[in-house]
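K.L.:
Next up is a structure, given as structure tokens.
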Amino acid sequence: VPQHVWRINLDTPEEAHQNLSFGAADRWWEQTDLTKLILASNKLQCLSEDVKLLPALTVLDVHDNQLTSLPSALGQLENLQKLDVSHNKLKSIPEELMQLPHLKSLLLHHNELSHLPDGFGQLVNLEELDLSNNHLTDIPTSFALLINLVRLNLACNQLKNLPADISAMKSLRQLDCTKNYLETVPSKLATMASLEQLYLRKNKLRSLPEFPSCKLLKELHAGENQIEILNAENLKHLNSLSVLELRDNKIKSVPDEITLLQKLERLDLANNDISRLPYTLGNLPQLKFLALEGNPLRTIRRDLLQKGTQELLKYLRSKIQDDVTSPNEEPPVTAMTLPSESRINMHAITSLKLLEYSEKQAAVIPDEMFNAVRSNPVATVNFSKNQLNEIPPRIVELKDSVCDVNLGFNKISSLSLELCMLHKLTHLDIRNNFLTSLPEEMEALTRLQVINLSFNRFKVFPSVLYHIVALETILLSNNQVGSIDPLQLKKMDKLGTLDLQNNDLLQVPPELGNCETLRTLLLEGNPFRAPRAAILAKGTAAVLEYLRSRIPT
């Protein structure tokens, strides 16, 4: 590092020695002391003790160099808040570093550290500490004093155990212990009330810890261990859990209590020894991803596993009925049963919250279907594959509970205002109908995330969709849409999937490239010339990049 960098606060600049007149911008004697120094990605092998001449530094970044040690003078930078010395060759850390009272972020990952100073607990204001990819075999017990720490990364070290005192870190939200040699996790970890994400992948765990106090835990990653048993006790307190990743273990069965995890969105059980599943898994309301491949499941055909999560959950739900043998079961159909009762699946309405009347070729939905709902909250309505000409008006009776409506494969030519009153609607499937437009009143469906309008008769992109900001997926393939408005689409910051295959787009506006939230953009089968098929084949990211390159500057 050139000497004048260290002396930048002290020395008068060169031009001051030449007798120049200074403009307002050049009044060097009024300059403030240096606060940020970034020396990253150079070839530095050492840092001078002269770093102490820069006492106002709040950020020092020397990552990606060849440092084997740090100067003890760092301990004098009492204003330092962020120190990044990652990706170097450090074998130890000077004790003096423990004297930095305001340090909030300390990044030490990808070095050659085998031990840490005992005084680590003095860094009481530390919020982020990354020690991943070193050679640590243990953690100082003084870590317990880091009560403001929010993120702690210990991944890819040689830790055989964690000190129980770590549970005193009452602010810790994220703890990453991936790829160590942990055989157990201290039971006191279960008292960490702020913990939200816990990564224990690639260790040697034989069982999952119990988490009675971790009420906020959202993600638990424990794949690639040697876990054999999943106990109800491990699961029942985790009411906030949305991700449970247990792939590549030796789990033999899944307890029924898994259905207590009502917020679960992702469940990965691939490559275990599971032979049967509780069918009630199908009732988890938020589950979007379920991986089961690589298990010796007897009850589920392999081709079903490859059809994806929704088909799998549908299958599991259909099996619940076969499973139910409880006394409150529906009575069998006898001569005394009214014919109207026999065609209504009351079990589906009460247990699965499903109102289904599909594949009946019916022109209207019979009133007794709606009558049967009574006060039961129905979440899902399936009236697909009938001959309906209009939305059944009584659907409005379900407005306080229904969130998923399927009216696909009918003869509906316009959407009614009743549909626009289903304010909890998140999924709407109206594919294969005769729609040419959507009513502006649909703007009231503020929670709508997924809409399927494929195989209808739209000639223009329905403008009301631009105003439903919660939309994540718009499926509009196989219509006759001739244009789209990229500026309106860009405002839809949740939109991840847009399917416009097989429409009449004569050109793709380059500004569409600015819709950076799009993960899947499907444009095949349109008459436009550019982008060409070779670019479309490269996938969404390549198409968006191509479009951005065509925006006139």
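K.L.:
Taking the condition open to solvent by 20 Å² or more (accessible area, probe 1.4 Å) and in contact with a Leu (Cβ under 7 Å, 6 or more places away or on another chain), does Gly525 pass?
P.N.:
So Gly525 fails the test.
K.L.:
Sticking with this one: Would you point out the residue of segment 366-398, among those that are of a type in the set (Val, Ile, Thr) and outside any helix (DSSP H, G or I), that is farthest from the chain's Cα centre (by Cα)?
P.N.:
Looking at residues that are of a type in the set (Val, Ile, Thr) and outside any helix (DSSP H, G or I), I get Ile391.
K.L.:
If a residue must be surrounded by 20 or more Cβ atoms within 10 Å (Cβ to Cβ) and without any contact (Cβ under 8 Å) to a residue 40 or more places away in the chain, how many such residues does segment 145-155 contain?
P.N.:
Residues that pass the stated criteria total 4.
K.L.:
Let me ask something else about it. Checking Leu435 against (1) surrounded by fewer than 17 Cβ atoms within 10 Å (Cβ to Cβ); (2) part of a loop (DSSP other than H, G, I, E, B): exactly one of these is not met. Which one?
P.N.:
Every condition holds for Leu435 apart from (1).
K.L.:
Just to verify a result, which residue in segment 267-280, among those that are touching a Ser or Thr at 6+ places or on another chain (Cβ under 7 Å) and outside any loop (DSSP other than H, G, I, E, B), is most open to solvent (accessible area, probe 1.4 Å)?
P.N.:
Arg276
K.L.:
Could you list, in sequence order, the residues of segment 88-116 that are more than 32 Å from the chain's Cα centre (by Cα) and open to solvent by less than 10 Å² (accessible area, probe 1.4 Å)?
P.N.:
Scanning segment 88-116 gives Leu90, Leu97, Met98, Leu100, Leu113.
K.L.:
Does segment 43-55 hold any residues that are surrounded by 14 or more Cβ atoms within 10 Å (Cβ to Cβ) and within 39 Å of the chain's Cα centre (by Cα), and which are they?
P.N.:
Leu44 - this is the single residue of segment 43-55 that is surrounded by 14 or more Cβ atoms within 10 Å (Cβ to Cβ) and within 39 Å of the chain's Cα centre (by Cα).
K.L.:
Sticking with this structure for a sec: Counting only residues that are among the acidic types (Asp, Glu) and assigned to a loop (DSSP other than H, G, I, E, B), which one in segment 497-536 is farthest from Arg550 (Cα to Cα)?
P.N.:
Taking the candidates together, the pick is Asp504.
K.L.:
Looking only at segment 117-140, which residues are over 18 Å from Pro94 (Cα atoms) and open to solvent by 10 Å² or more (accessible area, probe 1.4 Å)?
P.N.:
Result: Asn125, Glu127, Glu128, Asn133, Thr137.
K.L.:
Now, a different point. Go through segment 395-432 and report how many residues are touching a Ser or Thr at 6+ places or on another chain (Cβ under 8 Å), open to solvent by less than 20 Å² (accessible area, probe 1.4 Å) and closer than 19 Å to Asn479 by Cα.
P.N.:
The number of residues fulfilling the criteria is 3.
K.L.:
Which condition from (1) assigned to a loop (DSSP other than H, G, I, E, B); (2) farther than 15 Å from Glu245 by Cβ; (3) touching a His at 6+ places or on another chain (Cβ under 9 Å); (4) modelled with pLDDT under 95 is the one that Ala190 breaks?
P.N.:
The single condition Ala190 does not satisfy is (1).
K.L.:
Looking at segment 500-529, I want the residues that are among the acidic types (Asp, Glu) and have a partner that is in a loop (DSSP other than H, G, I, E, B) and open to solvent by 10 Å² or more (accessible area, probe 1.4 Å) with Cβ atoms under 8 Å, at least 6 apart or on another chain. Which pairs are those?
P.N.:
Asp504/Lys459; Asp504/Gln480; Asp504/Gly482; Asp504/Asn526; Asp504/Pro527; Glu511/Ile551; Glu524/Gln501; Glu524/Asn502
Results for (1) assigned by the TED database to the domain that holds Leu107; (2) within 26 Å of Asp273 (Cα to Cα); (3) more than 25 Å from the chain's Cα centre (by Cα), shown as yes or no for each residue.
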residue	(1), (2), (3)
Leu159	yes, no, yes
Lys188	yes, no, yes
Glu196	yes, no, no
Leu200	yes, yes, no
Leu208	yes, yes, no
His237	yes, yes, no
Leu246	yes, yes, no
Lys250	yes, yes, yes
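K.L.:
Next up: Tell me which residues, restricted to segment 220-249, are of a type in the set (D, E, K, R) and either in a loop (DSSP other than H, G, I, E, B) or at pLDDT below 95 (or both).
P.N.:
Glu224, Glu228, Glu233, Lys236, Arg247, Asp248
K.L.:
Test each condition in (1) open to solvent by less than 10 Å² (accessible area, probe 1.4 Å); (2) closer than 22 Å to Ser194 by Cβ; (3) in a loop (DSSP other than H, G, I, E, B) for Ser171 and report the one that comes out false.
P.N.:
Status for Ser171: all satisfied but (1).
K.L.:
I would also like to ask the following. Quick one: is Asn180 in contact with a Ser or Thr (Cβ under 7 Å, 6 or more places away or on another chain) and surrounded by 20 or more Cβ atoms within 10 Å (Cβ to Cβ)?
P.N.:
no
K.L.:
Still on this structure, I have one more. Determine, yes or no, whether Ser132 is over 18 Å from Pro71 (Cβ atoms) and among the hydroxyl-bearing types (Ser, Thr, Tyr).
P.N.:
yes
The values are calculated or read from the model by the stated rules, or taken from the named source; none is laboratory data. In this text, all values refer to a predicted model and were calculated from it rather than measured experimentally. As a convention, Cβ positions derive from the backbone with ideal geometry for all residues, glycine included, and neighbour counts pool all protein chains shown. Just the protein is used for accessible areas: all its heavy atoms, side chains included, with ligands, DNA and RNA removed. Shrake-Rupley method; radii C 1.70, N 1.55, O 1.52, S 1.80 Å.
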